[in-house]
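Written below as structure tokens is the structure these notes are about.
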Amino acid sequence: MGLETLSEHRCFGGVQGFYRHASTEIGLPMKFGVFVPPQASQGPVPVLFFLAGLTCTEETFAIKAGAQRMAAELGLMIVTPDTSPRDTGIEGASAEWDFGHGAGFYLDATEMPWAKHFRMESWITQELRALVLSQFPARGDRVGIFGHSMGGHGALTLALRHPGLYQSVSVFAPIAAPSQCPWGEKAFTGYLGADRSAWAAHDATELVKAGHKVPPLLIDQGLGDTFLATQLHPHLLQDACVGADQPLVLRSHPGYDHGYYFIASFIEDHLRHHAQALV
């Protein structure tokens, strides 16, 4: 599980780095970023995994979210995985922005040709986690997960599907009920097949309805988000959480859209939410 350093940059007393390793789960090289806060020089620190949305890479959050200053203050490491395998050689994998390269949906595909390389769930929850814990000063007993849009879907479902793996969870504008929106229907059909009964295991709303639980959730949603009505459906997840007694704070923000200006506006609240549980 060798680690290749692509670049490292001094940042708020810590280090923002970008790395690559030969993934056995994916069967291809995979990239990810890590922000190591200054407190890590004194010993292992809590670690957050941030899952980005459609078309994003391991660099997007690190460049656009403005998270490092507060992460350095709170002593939080942040890991930013790429959003899919790259250079897979699969015909048509780069043809559409919402499926294939840059759109892994944080699951293990079961349909060919995607099943060979699109094993994002296993990579993030097992291989990348183990790599980070072995190569960086991170605490394995203090791990949180958060994400945005497709990555919000990923953060929710990975936490719900792997109880106890993450001690804190939050999301920005998640695809909250992917079985009931065009993005999710397209991705699930391609990666999991046409049998909709298989989709529920990767749908946060359905997982909550089925009794899966996570630590108290924080969700922020912009009301100026053009994808809110057609793709995101946070109200469906909210209803499921109420019915299942899953703690949830869903905050709505007039005028904010789906992008990183929205994320940057509320990133401090999310990092403090995680720090309260992890530090």
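For region 28-174, the C-alpha radius of gyration divided by 2.2 N^0.38 Å, with N the number of residues, is 1.02. Estimated at 0.36 nm per residue, the fully extended path between Gln276 and Ala264 surpasses their Cα-Cα distance by 2.4 nm. Computed over the Cα atoms of region 91-144, the ratio of the radius of gyration to the Kirkwood radius (Rg/Rh) comes to 1.11.
Please report the carbon-and-sulfur percent of the accessible area for region 1-159; probe 1.4 Å, protein heavy atoms only, DNA, RNA and ligands left out. Taking all protein chains in place, region 1-159 shows 49 percent carbon and sulfur surface. Going by Cα centres, region 91-136 and region 153-167 are how many Å apart? Taking the Cα centre of region 153-167 as reference, the centre of region 91-136 is 16 Å away. Calculated accessible area for the chain comes out at 39 Å² per residue, all protein chains present (probe 1.4 Å; ligands, DNA, RNA ignored). Across all directions, the shadow cast by the convex hull of region 1-102 built on its C-alpha atoms averages 6.9 square nanometres.
Distance from the C-alpha centroid of region 204-225 to that of region 26-67: 22 Å, rounded to the whole angstrom.
In summary, the lysines within cross-link reach of Lys116, defined as a Cα separation below 28 angstrom excluding same-chain residues under 8 places away, comprise Lys31, Lys186. In the elastic network of the chain, a GNM with C-alpha springs shorter than 10 Å, the most mobile of Ala22, Ala204, Ala71 is Ala22. Taking a Cβ cut-off of under 11 Å around Gly222, the surrounding Lys, Arg, Asp and Glu residues balance to a net charge of -2, with basic ones at +1 and acidic ones at -1. Taking the Kirkwood radius as Rh and the Cα radius of gyration as Rg, region 119-254 has a ratio of Rg/Rh equal to 0.97.
Taking 14 Å as the straight-line reach from the Cα of Lys213, the aspartates and glutamates in range (excluding those fewer than 8 positions away in the same chain) are Asp203, Asp245. Entry for the chain at q = 0.10, 0.11, 0.13 Å⁻¹: log10 I(q)/I(0) = -0.46, -0.56, -0.80, Debye formula applied to identical alpha-carbon scatterers, no solvent contribution.
The values are calculated or read from the model by the stated rules, or taken from the named source; none is laboratory data. None of the values given here were measured: they were computed from a predicted structure. Neighbour counts run over all protein chains shown; Cβ positions are idealised from the backbone, glycine included. Remember, those area values only see protein heavy atoms, side chains included, never the ligands or the DNA or RNA. Shrake-Rupley method; radii C 1.70, N 1.55, O 1.52, S 1.80 Å.
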